[in-house]
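Report on the following structure.
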Amino acid sequence: MELIKNKIIVRATDDDLDKMQIALTIRDSTYGEELHCILLDEGILKDCEGCNLEPICKALEKVAQDYLIETTKVVSSFSFH
């Protein structure tokens, strides 16, 4: 698996998955971009029904949403007097 231009590219090798690359891709998707599916974008699939990656996609969407919520909390406030 390899990150190229903010896209994860799966390679047919025995390399370990890089959690940092996946995490950076999810983080980047929360900055004005959305996670999307290349299978849908390229017309390979018409919808997610029947795709065995659907549970993973849903989990990734939840992780991205949780990250967005956790990183946009107001942790303190102040005022100018």
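Annotations
- Subset of the stretch 31-81 [polar (S, T, N, Q) and assigned to a loop (DSSP other than H, G, I, E, B)]: Asn52, Thr72, Ser76, Ser77, Ser79
- Flag for Ala59 being in contact with a Leu (Cβ under 8 Å, 6 or more places away or on another chain) and on the phi < 0 side of the Ramachandran plot: no
- Residues that are of a type in the set (Lys, Arg) and at pLDDT 85 or above occur in the stretch 55-78; there is at least one.
The values are calculated or read from the model by the stated rules, or taken from the named source; none is laboratory data. Please read these numbers as outputs of a predicted model, since none were measured by experiment. Here the Cβ is made from the backbone with ideal geometry for all residues, glycine too, and neighbour counts use every protein chain on show.
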